[in-house]
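Participant: I am attaching a structure below and will ask some questions about it afterwards.
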């Protein structure tokens with residue numbers, strides 16, 4: 001290596017150190033900004049009466065079905081459990097979808113198709129190619145675009161939804177935030193998840209049932225949380241769970257009894273089984289929905305959970321430059337007179353997807 005190359009490397013290393021310092025400072029500013037937003041944010045008090053006379057909500061309220069509504073919703077209108085009263089409840093209802101991904105997309109489709117009048121969509125993310133096998137409202141033409149905008153465009157194109165509000169999304173921190181916000185605002189929370197071939201669903205904070213904090217007062221360690229980025233998911237599984245979420249929401253809106261209050265639905269797509277287990281009752285000493293709550297407003301959930309609101313992989317540990325070789329260096333080693341033995345320690349399924357020529361697969365696992 002020539003002297004000029006060494007000088008350039010030293011300069012680049014200095015620039016890298018400075019860039020990392022600036023990133024750390026920006027992260028600290030962002031953290032303080034988030035704290036300030038949480039402190040200033042005020043949820044509506046469900047106990048306070050609201051004078052709706054002449055309000056925008058009152059003006060938008062639909063009191064009777066038009067001919068087009070009757071034709072569109074005729075197949076569910078003739079259900080005694082729905083009828084005109086239930087359909088009007090759907091048209092005048094509002095639902096917030098947190099996440100416009102594998103669960104949110106099918107939920108959005110069927111909530112809009114059922115006639116839900118106002119659907120809010122919250123998701124910070126942009127569409128990536130590996131989303132498309134399960135996030136069925138997004139397309140290749142929309143890669144890199146906002147998921148919220150994609151959902152709004154898809155539903156508007158179908159001429160189904162009157163109105164859509166878009167904003168920012170899932171993981172442990174978001175679960176606690178959503179739970180607390182719903183309890184403080186007096187709203188039910190229909191929660192679902194999907195991983196590999198399995199799905200779960202329950203309804204929190206409804207009809208005297210428990211909230212999320214009743215069951216999980218303390219968050220799990222961040223390194224123990226697995227998501228579909230790490231564990232994988234079959235695309236149809238979140239589709240099934242998202243449709244079940246929409247069904248539960250529709251039943252709640254129309255005054256029907258929700259099926260999964262204080263119950264957890266467990267779906268196993270590999271064996272085709274559905275089963276339900278009973279959950280613990282609401283705790284009197286719950287910190288947010290108990291008799292003497294200590295959580296009376298939104299808090300700093302990033303500090304509380306030990307991780308920020310991201311569904312990206314949390315388990316990556318990047319090797320230092322001294323512990324790895326570049327692609328160019330590897331090519332030189334493999335082209336030498338004594339090429340090294342190349343061992344691929346990833347799981348066999350990942351080795352089958354792609355691997356370097358002449359490498360051999362030997363799974364490496366850490367044992368306690």
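Participant: Just one of 274, 304 is modelled with pLDDT of 90 or more and under 23 Å from residue 204 (Cβ atoms); which is it?
Facilitator: Selected residue: 274, the only one of 274, 304 that is modelled with pLDDT of 90 or more and under 23 Å from residue 204 (Cβ atoms).
Participant: Find the residue count for segment 211-230, including only residues that are modelled with pLDDT under 75 and either outside the structural domain of residue 264 (by TED's automatic domain parsing) or surrounded by fewer than 16 Cβ atoms within 10 Å (Cβ to Cβ) (or both).
Facilitator: 6
Participant: Something else: Within segment 122-145, how many residues are buried (at least 17 other Cβ atoms within 10 Å of the Cβ), at pLDDT 90 or above and over 20 Å from residue 234 (Cα atoms)?
Facilitator: 1
Participant: List the pairs whose first member sits in segment 153-181 and is under 13 Å from residue 213 (Cβ atoms), whose second member is in a helix (DSSP H, G or I) and at pLDDT 85 or above, and whose Cβ atoms are under 9 Å apart, counting only residues at least 6 apart or on separate chains?
Facilitator: What qualifies is 175/212; 176/212; 176/213; 178/212; 179/212; 179/213; 180/212; 180/213.
Participant: If you don't mind, there's one more thing I want to ask. Scan segment 138-152 and give yes if some residue there is part of a loop (DSSP other than H, G, I, E, B) and under 14 Å from the mean Cα position of the chain (by Cα), otherwise no.
Facilitator: For segment 138-152, residues part of a loop (DSSP other than H, G, I, E, B) and under 14 Å from the mean Cα position of the chain (by Cα): absent.
Participant: Right, another one. Name the residues in segment 256-272 that are under 27 Å from residue 90 (Cα atoms) and assigned to a strand (DSSP E or B), would you?
Facilitator: Answer for segment 256-272, where residues must be under 27 Å from residue 90 (Cα atoms) and assigned to a strand (DSSP E or B): 261, 263, 264, 265.
Participant: Residue 35: modelled with pLDDT under 85, on the phi < 0 side of the Ramachandran plot and surrounded by 11 or more Cβ atoms within 10 Å (Cβ to Cβ), yes or no?
Facilitator: Judged against the criteria, residue 35 is a match.
Participant: Within segment 167-180, can one find any residue that is at pLDDT 90 or above, in contact with a helix residue (DSSP H, G or I) (Cβ under 7 Å, 6 or more places away or on another chain), in the same structural domain as residue 303 (by TED's automatic domain parsing) and not in a helix (DSSP H, G or I)?
Facilitator: Among the residues of segment 167-180, not one is at pLDDT 90 or above, in contact with a helix residue (DSSP H, G or I) (Cβ under 7 Å, 6 or more places away or on another chain), in the same structural domain as residue 303 (by TED's automatic domain parsing) and not in a helix (DSSP H, G or I), which makes the answer no.
The values are calculated or read from the model by the stated rules, or taken from the named source; none is laboratory data. Because the structure is a prediction, the values reported are computed rather than measured. With ideal geometry, Cβ positions are generated from the backbone for all residues, glycine too; neighbour counts draw on all protein chains shown.
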